[in-house]
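Before any comments, here is the structure.
What follows is calculated from the coordinates using simple rules that are stated; it is not laboratory data. What you see is a predicted model; the values in this text were computed from it and never measured. Note that each Cβ is placed from the backbone with ideal geometry, even for glycine, and that neighbours are counted across all protein chains shown.
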């Protein structure tokens, strides 16, 4: 996995249950998720496409931006993703039920 168009962001404490929850939530919000580690995520906005890769051994999820409109600054994309991922990182097992 390279660094994509906006660098690579790493999120810790990601287990299978959190991966499943993320995919379910993305689908419920109309965001297309295809593949199976890596996943291609298409929010269908501004030409943005993401790739997420999970390293089960280290419990880390890596996300890169693979495509975007030149009008969208990388900082705006990460402003949306980072707070959501920080929330997911901190979820306990009981909070995911």
| field | Mean ellipticity per residue at 222 nm, deg cm²/dmol - from DSSP H runs of n ≥ 4 across the chain, formula -39500 (n - 2.57) | value | -9500 deg cm²/dmol
| Taking the chain and dividing mean pair separation by its residue count, relative contact order in percent (alpha carbons under 8 Å, at least six apart) | 33 percent
| note | The residues 89, 79, sorted from fewest to most surrounding Cβ atoms within 10 Å, come out as 79, 89
| request: Going by C-beta contacts inside 10 Å, put 5, 80, 68 in order with the fewest on the left. | output: 80, 5, 68
| request: Order by neighbour count: 40, 81, fewest other Cβ atoms within 10 Å first, most last. | output: 40, 81
| remark: Note: probe point = Cα of residue 79 + 7 Å toward Cβ; backbone nitrogen < 12 Å; residues of the range 1-38 passing the test are none
| If the chain between residue 95 and residue 32 were fully stretched, how many nm would it gain, using 0.36 nm times the residue separation less the Cα-Cα distance? | 20.2 nm
| task | Using per-residue counts of other Cβ atoms within 10 Å, averaged over each peptide, order 25-32, 71-78 from highest down. | result | 71-78, 25-32
| task | Give the angle, between 0 and 90 degrees and rounded to the nearest 10, that separates the Cα long axis of helix 74-89 from the longest principal axis of the Cα atoms of the chain. | result | 0 degrees
| field | Relative packing of peptides 33-39, 50-56 - highest average C-beta neighbours within 10 Å first | value | 50-56, 33-39
| query | How far apart, in nm, are the 7 Å Cα→Cβ label points at residue 60 and residue 87? | reply | 2.5 nm
| query | Among (i) 1.65; (ii) 1.03; (iii) 1.90, which is the computed Cα Rg over 2.2 N^0.38 Å? | reply | (ii)
